Amino acid sequence: MAIEVRIPTILRTYTGGEKAVDASGATLGALVDDLEANHPGIKERLVEESGELRRFVNVYVDDEDVRFTGGLGTELSDGAQVVILPAVAGG
Amino acid sequence: MREAAAPTLVRVLRLDRTTYDAIVAHAKRDHPDEACGIVAGPEGSDHATRHVEMVNAAGSPTFYEFDSTDLLRLYQEMDAKDEEPVVIYHSHTATEAYPSRTDIGLANEPNAHYVLVSTREHGNSEGPVEFRSYRIVDGNVTEEDVAIEESRG
């Protein structure tokens, strides 16, 4: 089950410059592990050591911010669309 | 034989007067909260053409964050138009127009001009503002010149 993951500019160093890559997983957490297997180093940029999604990384599944759908536990259906966007924020 | 170091390119942010005025007006209007937004432009062009005011979801005088749903829509729209954020701007309302540590830590668009507007002097009123631009790459801040081009017509 291939899921398209849109990669932001800042993380394209991990994907050989690709704007989108395919990955698989029944949940977002599994998908991130699959991403990590093919693009080592990317997981650390998305997930805290505690296992939580980083505060200033936004991940959307089918246009829904996963903070409102169960975070890394969010289930992915076949053909789901995943978008990763760093927050635009500051002080 | 050693290779010569690549020449350091002096970068300049070029903005048309209309966009510059709109950013300043936005910062003044939202004072004392921080205002934020972008100017999008064709990918790779470094040409800032489409000003988009964003809502500061933090609604704060010391912090800004694009609302996450608005952020997704913005990037989808830019994607569809083959655009990228050429300028990312926000205001400081009590401090100088220089990136804070938080700004530097959260800067994730290495190709963007990060514009800081300080409204500390005149707040919501008429009067000059500090308007400065930076590159922020891997935690390194480089200030660049701002060239305002008078709008045609």
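For region B:34-153, with all protein chains present and a 1.4 Å probe, just round the carbon and sulfur fraction of the accessible area to a whole percent.
45
Just tell me how shielded B:73-82 is by partners: mean number of partner chain Cβ atoms within 10 Å of each residue's Cβ, no decimals. Please list the in-between numbers first.
Values: counts 1, 2, 7, 5, 0, 0, 3, 0, 0, 0.
For peptide B:73-82, the averaged partner shielding equals 2.
What's the whole-number percent of alpha carbon pairs in chain A lying beyond 18 angstrom?
The calculated P(r) of chain A puts 36 percent of pairs beyond 18 Å.
Under 1.5 on a/c is rounded, so check that first for region B:20-85, then, if it is not, pick prolate when a/b is larger than b/c and oblate when it is not; a ≥ b ≥ c are the square roots of the alpha carbon gyration tensor eigenvalues.
Because a/c hits 1.5 or more and a/b fails to exceed b/c, region B:20-85 counts as oblate.
Where does each of B:PHE63, B:PHE131 land when they are ordered by accessible area, with a 1.4 Å probe and the largest first?
Values: B:PHE63 45, B:PHE131 25 Å².
Heavy-atom accessible area, descending, gives B:PHE63, B:PHE131.
Could you please tell me the mean projected area of the C-alpha convex hull for region B:104-153, averaged over all directions and given in square nanometres to one decimal?
Orientation-averaged projected area of the Cα hull: 5.2 nm².
Calculate the tail of P(r) for chain B: the fraction of all Cα-Cα distances greater than 22 Å, expressed in %.
When every Cα pair of chain B is considered, 40 percent fall beyond 22 Å.
Out of region A:26-91, which GluC sites (Glu not before Pro) are coil in DSSP terms and have no more than 13 other C-beta atoms within 10 Å?
A:GLU48, A:GLU49, A:GLU52
On average over all directions, what projected area in square nanometres does the protein assembly as shown have, based on the convex hull of its Cα atoms?
For the protein assembly as shown, averaging the hull's shadow over all directions gives 15.9 nm².
For chain B, calculate the relative contact order in percent as a whole number, restricting contacts to Cα pairs under 8 Å that are 6 or more residues apart.
27
Could you order B:LYS81, B:LYS28 by accessible surface area, starting with the largest, using a probe radius of 1.4 Å?
Most to least solvent-accessible, the answer reads B:LYS81, B:LYS28.
Taking beta carbons within 10 Å but only from partner chains, what does the mean come to for residues A:79-89?
Taking the mean over all residues of the peptide, I get 6.
How about A:LYS43: which lysines have a C-alpha closer than 25 Å to its C-alpha, ignoring those fewer than 8 places off in the same chain?
A:LYS19
The values are calculated or read from the model by the stated rules, or taken from the named source; none is laboratory data. Everything numeric in this text was worked out from a predicted model, so none of it was measured. Counting neighbours? That spans all protein chains shown, and the Cβs are built from the backbone with ideal geometry, glycine included. Just so you know, the surface numbers come from the protein's heavy atoms only, side chains and all, with ligands and any DNA or RNA stripped out. Shrake-Rupley method; radii C 1.70, N 1.55, O 1.52, S 1.80 Å.
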